[in-house]
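Step one of this worksheet: look at the structure below.
The values are calculated or read from the model by the stated rules, or taken from the named source; none is laboratory data. Everything numeric here is computed off the predicted structure, so don't read it as measured data. Here the Cβ positions follow ideal geometry from the backbone for every residue, glycine too, while neighbour counts run over all protein chains shown. Heads up: the accessible areas ignore ligands, DNA and RNA and are worked out on the full protein's heavy atoms, side chains in. Shrake-Rupley method; radii C 1.70, N 1.55, O 1.52, S 1.80 Å.
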Amino acid sequence: MTISGRPPDLEVHADDLGRIGHEAFVLQERLRKAGDVSRGSEGGGATSSAAGELKRHNFSMGEALTTTLHKWESQLSSLRQACGVISDHLDFSASSRAEEDAKLAKSFGGQPATASDILKYFK
């Protein structure tokens with residue numbers, strides 16, 4: 001509902017923000033578990049062990065595998081951090097949105113207002 005009867009300029013639903021934030025958290029956890037290729041399937045460091053063995057036997061592939069592993073871990077860490085930021089931000093947004101909406105509605109006499117309605121006060 002708006003003062004002018006037009007649809008809202010921006011509409012945010014806390015449930016949607018919460019669901020997206022939760023999915024970002026789930027993705028972050030899945031990446032933590034499935035993306036750790038250096039541990040191997042049994043957690044024994046299979047990739048780094050293989051790289052070490054290859055280097056020990058003077059295969060240039062060992063150094064290339066080590067470089068690839070370090071790059072993978074760096075990129076994986078960045079992606080996990082991004083998921084964490086998204087999750088945290090959306091969780092915060094969902095919880096604070098209702099409070100902010102109540103403050104704005106109170107300042108407009110208890111009625112929600114669109115950005116267009118607010119803009120009228122600055123002309």
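Quick notes
- Whichever residue in the stretch 28-42 is in a loop (DSSP other than H, G, I, E, B) and under 15 Å from GLU73 (Cα atoms) and, among such residues, is modelled with the highest pLDDT: GLY35
- ILE20 vs. criteria at pLDDT 90 or above and open to solvent by less than 100 Å² (accessible area, probe 1.4 Å): no
- Single match in PHE59, PHE25 (criterion: in contact with a helix residue (DSSP H, G or I) (Cβ under 8 Å, 6 or more places away or on another chain), at pLDDT 75 or above and open to solvent by 60 Å² or more (accessible area, probe 1.4 Å)): PHE25
- In this structure, LEU119 qualifies as under 30 Å from PRO7 (Cβ atoms) and modelled with pLDDT of 75 or more.
- Any chance HIS89 is closer than 20 Å to LEU17 by Cβ, within 24 Å of the chain's Cα centre (by Cα), at pLDDT 75 or above and open to solvent by 70 Å² or more (accessible area, probe 1.4 Å): yes
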